[in-house]
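Just below is one structure, and these are the notes that go with it.
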């Protein structure tokens, strides 16, 4: 006999003040999501069984994704732009088709879900796009932006000090590029510029 598990973690930690004891109990009973307190924050996780939806002790339907989306709407958008749930399906025996993963990307306006089985089906059907290098570009932009900002400030200071008109277009171009880079990072991280 084999045992199947569905592990999951939620990110980021959320303010404990958002949740009643009844909600925490419902999340644990209906969806398998337990919580541990870390100061004023709660860390949510499912050790063995995660369900997006289930019935609580009072046979009331609980959808954890909808509940978390509702809580997200109560939080500061700058500090909490999204909630993610990442999970893994595992099995105590090495059986084909018993392993996989999934992710939920929850914003104030939408919920996106993707599972490895979906991706495998898309690949088999020839519908999947090749992997994007966008995440690597965003990481590189994050890494280089502080240096670009520092160089732009130095260029602006040199222009102020020396007053040469030939530097003005370069200062303006650098400032525009930095504003655009910040906007791209904000969009990539799910918040408005």
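Tabulated data
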item: Helix 168-188 vs. the chain, principal-axis angle (Cα, 0 to 90°, nearest 10); result: 0 degrees
item: Estimated distance in nm for a label pair at residue 180 and residue 94, the labels positioned 7 Å out from Cα along Cα-to-Cβ; result: 5.1 nm
item: Relative counts (whole %) of C-alpha pair distances in the chain, using bins that are 10 Å wide; result: 8, 24, 26, 20, 12, 7, 3, 0
item: Cα gyration tensor, the range 1-68 - rounded (a/c under 1.5), prolate or oblate; result: oblate
item: Helix-only [θ]222 nm of the chain, DSSP H runs n ≥ 4, -39500 (n - 2.57) each, per residue, nearest 500; result: -13500 deg cm²/dmol
item: Extension gain, residue 134 back to residue 47 (0.36 nm per residue minus Cα-Cα distance, nm); result: 28.2 nm
item: The range 1-127: relative contact order in percent, alpha carbon pairs under 8 Å with at least 6 residues between; result: 25 percent
item: With 10 Å bins from 0: P(r) over the range 8-121, alpha-carbon pairs, percent; result: 13, 44, 32, 10, 1
item: Shape of the range 79-183, Cα gyration tensor, a/c cut at 1.5; result: prolate
item: Proxy reagent accessibility, fewest Cβ within 10 Å first, across 110, 23; result: 110, 23
item: Expected-Rg normalisation [2.2 N^0.38 Å, Cα atoms] applied to the range 134-188; result: 1.28
item: Highest-fluctuation residue, 183, 125, 115 considered, GNM on the chain with Cα pairs under 10 Å; result: 125
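Where a number appears in this text, it was derived from the coordinates with a stated rule and is not lab data. Keep in mind that this is a model prediction, so the values were computed, not measured. Glycine gets a Cβ as well: all are built from the backbone with ideal geometry, and neighbour counts include every protein chain shown.
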